[in-house]
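Heads up: the structure comes next, in C-alpha cells.
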Amino acid sequence: MCGRYASTKNPATLAAEFDALDATEDAISGPDYNVAPTRNVVAVVQRHPRDEAGEPDPTTTERSLRVMRWGLVPAWAKDAGIAAKMINARSESAATKPAFRTSMANRRCIMPADGWYEWQRDGKVKQPFFTTRKDGASLAMAGLWTVWRDKQKPDSEPLVTCAVLTMPAVEQLAEIHDRMPVLLPPSAWNAWLDPDSTDASALIVPPSEEFLAALELRPVSTAVNSVKNNDPSLLDPLREQGEPALFDQRK
C-alpha cells in the first residue's frame, strides 16, 4: 500500500481545488483510472519562487501543480531503476531512512487522488476495493519528492520523482489492508507544504471520525489488476457490474 490509485481530474480543476498555479505544462495526457508505479503523476508543492539568477525569495512562497514520476529515486542512487521499489515511504521511519529523510525534512508534497485501490485477501482470492470520498472531493495523499540527476549523462534533464507516505490502517480501512496513505485534511495542507518547516511529524495522525465517515469503500472488478486496463468502469461498484461482492462496506 499504496500500489495503485486513480487521478482523473484535469490540472485546471486540481489547481482550483488546491489553490495552486498549474505548472504541469500539458505533461499529463488525460485522466488515469489506474495509476501505476513509474507513471507521471500530478503533485502539489510549495516553494520559494526564484529570480532570473536562480536565487529564491525567502519572503514569499508559491504553491503549484507539478508533474513527477511515481517512485522516488534518491539523489545518491546510481540509476533510476530503483524507482519501482520506492513508491511508498513508511511514515514511522521516513525521517531517518537515507532514501527519504532529506525529502521528509525539505521536500514534502501532496499527491491528489480520486481514491486508491487495495486488495483484500480471502483465501486464494484477492478482491480489489476502491476507497474514495462520497462527495467527489480529492483525497490529499501526503507525499515526498526529490530530484535525481544521471551522473553518467550530465546534460540530461533532471528526473523529479515522488513517493506516497503510508501509515497503519484504521477502522474499516484495516479490514481491507494493514496499511493506508497518510491523508491530509485541508486544514493541514499549508503546514505540510511549508518549505521552511523541517518537522511535519505532528501532521501524521489517523483520520478523524468525521473524515472516515466521508469515505466509501467500494468493491470493484478485478480488471484493475492489469495496468493495461484504464477506463471509467474500473471505478464502478462491483454489484453494478453484475458481479457478487464479498461484502458491502457501505453502511
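The values are calculated or read from the model by the stated rules, or taken from the named source; none is laboratory data. Quick caveat: nothing in here was measured; it's all calculated off a predicted structure. Every residue, glycine among them, receives a Cβ derived from its backbone with ideal geometry; neighbour counts consider all protein chains shown. These area figures cover heavy atoms from the full protein model, side chains too; ligands, DNA and RNA do not enter into them. Shrake-Rupley method; radii C 1.70, N 1.55, O 1.52, S 1.80 Å.
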- With a 1.4 Å probe and every protein chain kept in, tell me what percent of the accessible surface of the chain is carbon plus sulfur. 49 percent
- Query: From the backbone phi of the range 224-233, what are the Karplus-calculated ³J(HN,Hα) couplings (6.51 cos²θ - 1.76 cosθ + 1.60, θ = phi - 60°) in whole Hz, Gly and Pro given as x?
  - Reply: 5, 4, 9, 5, 6, 8, 7, 8, x, 5
- Item | Mean residue ellipticity (222 nm) of the chain, computed from DSSP H runs ≥ 4 via -39,500 (n - 2.57), nearest 500 | -2500 deg cm²/dmol
- Taking N as the number of residues in the range 1-137, what is its alpha-carbon radius of gyration divided by 2.2 N^0.38 Å? 1.18
- Message: Restricted to Cα positions, what overall size does the range 127-251 have along the principal axes? Three whole-Å values, descending.
- Response: 54, 36, 25
- Task: Give the calculated FRET efficiency between E25 and D196 to the nearest 0.05, with a Förster radius of 35 Å applied to their Cβ-Cβ distance.
- Result: 0.85
- Dividing the alpha-carbon radius of gyration of the chain by 2.2 N^0.38 Å, where N counts its residues, gives 1.01
- Message: Among A99, V35, L184, whose Cα projects farthest towards the positive end of the dipole of the chain, with charges put on the beta-carbon of Lys, Arg (+1) and Asp, Glu (-1)?
- Response: A99
- Using +1 on the beta carbon of Lys and Arg, -1 on that of Asp and Glu, and nothing else charged, what's the dipole of the chain about the Cα centre, debye to 20? 1020 debye
- Note on the structure: accessible surface per residue for the chain, probe 1.4 Å, DNA/RNA/ligands not counted, whole Å² -> 51 Å²
- Full extension from E52 to E157: what is 0.36 nm times the residue separation minus their Cα-Cα distance, to one decimal in nm? 35.9 nm
- Task: Starting from the alpha-carbon convex hull of the range 1-45, give the projected area averaged over all orientations, in nm².
- Result: 3.4 nm²
- Ratio for the range 159-199, C-alpha Rg to 2.2 N^0.38 Å, reads 1.47
- Provide, for the chain, the number of lysine pairs with alpha carbons under 16 Å apart, each pair being eight or more places apart or on different chains. 5
- Message: If every alpha-carbon in the range 107-173 counts as one equal scatterer, what log10 I(q)/I(0) does Debye give at q = 0.15, 0.21 1/Å?
- Response: -0.70, -0.97
